[in-house]
Amino acid sequence: MVNPTFFVKPIITYLKPMQTIAPQPVQQPANKTSQLFPVILVTSLFFLWGFAHNLDPILIPHLKRSFTLTTVQATLIDSAVFAAYFLMAIPAGIIMKKYGYKWGIVIGLLIFATGSFLFIPAANTQLYSFFLIALFIIACGLTILETAANPYMSTLGDPKTSVLRLNFAQSFNGLAAAMAPAIGARIILTKGHTDAELSTMTEAAKKLALAAEAASVKTPYFILGAILVVIAILFSIIKLPKIQKTEEHVAGKNILHAFKHKHLSWGVAAQFFYVGAQVCVFSLFILYATKSAGISEVKAADYLGICGIAFLIGRFVGTALNVVIQPQKLLALYAIINIALCLVAVFAHGMITVYTVIGICFFMSIMFPTIFSLGIKGLGGDTEFGSSLIIMSIVGGAILPRFFGMVGESFNNIQYGYIVPLICFAVIAVFGLSGYKVTSKTDVQTAFDPGNLG
């Protein structure tokens, strides 16, 4: 048997102790208007990756029918996207370190654009695997963009307004979550034939009709790719304010050493299950709503947009509540509420199921930043490695939706798939009730500021 350390040692060697440089806020230029355009451009990135992510729930029912896929096969769309986040987490950091934020953003945009353009040959060749490759490349670009844009926006300008700037930029991500399903449904889903129409066709005619449906993605993704190239060119020619760097501390021994913190291990697990739950809820919503409530795909996409709005509102409400309620308690409360809502999603029928899922979106809105903040609390020199581990744990979005599909197909009822998010929220509730607790003596020395939640 091959010794597992044969594969782990090279990674540990690469991630040996090194001086970490903490980004400091940029100096305010004499003319504040000179920063306005860079802020607008960076803010646009939040909208763009939010839009790309929220087109995936449209692609799942669309490609499912175009290629006559099972629900489990259709969830490979999510697997392709979130596997890229897992694989690109460390390379994205290396790109930022070597080329800086500006050129890291340009590289991310160009990779994002490349994946978008690949939808054209994917549709021409009528290969589902080609679509998955295109989505994987898009997600690689998104990983780099998210790695660069979040810290850059927080340091781009006056430190006193950093939280305001980041929350403002993140609101455009929520706006994209509300807009993408409605726009995507009308551009992509309305181009298809009904099941009744397909049933009357010959096999040859049906094959041609489904091929035409798959081809309907070419125009929107070509337009998206072209916009990304233009924005990449703008980033390459404008002068972005530089972030000052100062030597702050020495990182921990290696990425595996960070697991000595019990609450970090819980945080990694909780984030894995949270992202898995979120992807199950959003990506499979259209398939779920058309069965549980008997509504059309386009109408379901409109309700998916409402889910995005509920998620956005919940984010602001939850952040405000953290002023008076400890974040771990609010996290546990919201998780318990969502367990109850998942039970309703499994057993109810009609429009109540749609409204239930909208409620789930509202209550899961604060979970990602809360888990992240609690998970890295008090890690000291292991903070960087701990952060990387929690980011890499979003691979849950690639794995758990497939279990959702398998459960639904096993019972021949997609509603039973909500057993998977229910289990996810149970793990998150345990983390909020006890798993968050700092047990290491070195960890206790660092206080947690709930105001840091994003």
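Read the figures in this text as sums done on the coordinates, not as results from a lab. No experiment lies behind these values; they were computed from the predicted model shown. Every residue, glycine as well, gets a Cβ built from its backbone with ideal geometry; the counts of neighbours run over all protein chains shown.
Values computed for the structure shown
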quantity	calculated
Packing rank of 134-145, 218-229, 105-116, where each peptide gets the mean count of other beta carbons within 10 Å, highest leading	134-145, 105-116, 218-229
By average C-beta atoms within 10 angstrom, highest first, the peptides 389-402, 344-357, 60-73	389-402, 60-73, 344-357
Burial ranking of peptide ranges 366-374, 415-423 (average Cβ count within 10 Å, highest at the top)	366-374, 415-423
